[in-house]
Amino acid sequence: MSPLPSALNTVKELLQGKGLVSHPIHVAINHMPLGLWEGSVIFDVLSRMPRWRKMSEGGYYLNLFGIFAAVPTAATGLAEWWDIPTDHPGWKVATTHALLNDVALGLSLYNWWTRRNRRNHKPDTTNLVVSGALVSVLGVSGYLGGVIAHEYGYGTHRQGTSIEKERESLVGPQEQITHPKTVLTETASDDPSLDSWAGVAASEVLERDDAVETEFLHPGSGREAGGTGI
């Protein structure tokens, strides 16, 4: 995507959670409309039973609250989507995810509009069919959202296999797994147990590994008279 003006870029970063919280906002709040809409479907189905007819009002208001919750969720999702390069495979997945969410919002708006003036906001057969379609769309959209977050790393501060994975991800491609990155420092850590985390010089780590291996294969060969160490 083309760079945004400074003011809009600041808004985008705030919607992404940068400078506000320690994690992305979208992945934290996207469950709200999902849970509310799915709950409304459950209430509507139960309201078809004579003893639970009044639950139709609960289903109506859960659907309405889901519409309200979808607004900040869509805004934060748009902020994350904007940073995905259009030539990255994750862009098509994210775009499909967004379009499906728009369809879900349209279906929920239909249910709200057609039920707003009914007694107890009772759903009819068409509303139940629309609710079934809503759940199906949310299921596919949720799956694609998981692909975006956990496979491509977008919306999770670029972890996973995102476009920046090669450079800064903690979980890298196969070459990074077989040859883990080591941050070299001029001085070793005071606590040897933190070698792999603090990033002491790779040569020092290898020397210690060799010493341990030698002691394991040839016990006592590395000990001096009266000594207890390797």
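Read-outs: derived from the displayed coordinates by stated rules, not from any lab. Remember, it's a predicted structure, so these values are computed and weren't measured experimentally. Counting neighbours? That spans all protein chains shown, and the Cβs are built from the backbone with ideal geometry, glycine included.
Counting other Cβ atoms within 10 Å as a rough exposure proxy, the listed residues Ile84, Ile67 run Ile67, Ile84 from fewest neighbours to most. The Phe68 and Glu207 beta-carbon pair, evaluated with R₀ = 41 Å, returns a calculated FRET efficiency of approximately 0.10. Ordering Thr95, Thr126, Thr86 by the number of other Cβ atoms within 10 Å of each residue's own Cβ, fewest first, gives Thr86, Thr126, Thr95.
If we count other beta carbons within 10 Å of each Cβ, what is the order of Ser56, Ser136, fewest first? Don't skip to the end; give the middle numbers.
Details: Ser56 23, Ser136 13.
Listed from fewest to most nearby Cβ atoms, that is Ser136, Ser56.
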